[in-house]
Amino acid sequence: MKETQHKVDQWIQEHGVRYFNELTNFTLLTEEVGELARYMSRVYGEQSFKKGEEQHLVKQKIEDEMADILFVLCCLANQMDIDLDEAMERNILKKTKRDLHRHEQNEKLKK
């Protein structure tokens, strides 16, 4: 993630003029998640594509939306001086400690 955060920062410095403020970036993040949700609901959910939508490009569109989400998340992390590698390590340790056997014992997951 360090490399990705650095690439995002370089892009902002070279092409983006400056970072949008944190609230704007958070709003953009939710917008990008919504765009991903739209494709997910049509591919994996019960919604259908509208007439004329390019269904053959769905995988590419999902990948692009995921990358948009990661880009904006990196912007926020950079602005807030958050090292996503370190944050993920702490998060995985927290989940491991909290959920060590939880999912193995979940009857709903054994179906």
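Nothing in this text is a laboratory measurement; each read-out follows from the coordinates by a stated rule. Worth saying up front: this structure is predicted, and the values here are computed from it rather than measured. Using ideal geometry, Cβ is built from the backbone for each residue, glycine included, and neighbour counts are taken over all protein chains shown.
Backbone phi angles across segment 83-98, fed through the Karplus curve with coefficients 6.51, -1.76 and 1.60 (θ = phi - 60°), yield HN-Hα couplings of 8, 5, 4, 5, 4, 5, 4, 5, 5, 5, 4, 4, 5, 5, 5, 6 Hz in residue order; Gly and Pro are listed as x.
Taken one residue at a time, the phi angles of segment 14-24 give Karplus couplings (6.51, -1.76, 1.60, θ = phi - 60°) of 8, 10, x, 6, 7, 6, 5, 5, 4, 5, 4 Hz. Gly and Pro are set to x.
The Cα trace of the chain gives Rg and Dmax of 18.0, 52 Å, the first to one decimal, the second as a whole number.
Remark: segment 63-71, residue by residue, has Karplus-estimated 3J(HN,Hα) of 4, 5, 5, 4, 5, 4, 4, 5, 4 Hz, where x stands for each Gly or Pro and the curve is 6.51 cos²θ - 1.76 cosθ + 1.60 at θ = phi - 60°.
Can you list which of the GluC sites (Glu not before Pro) found in segment 32-87 are DSSP loop residues with at most 15 other C-beta atoms within 10 Å?
Qualifying residues, ordered by number: Glu46, Glu53, Glu54.
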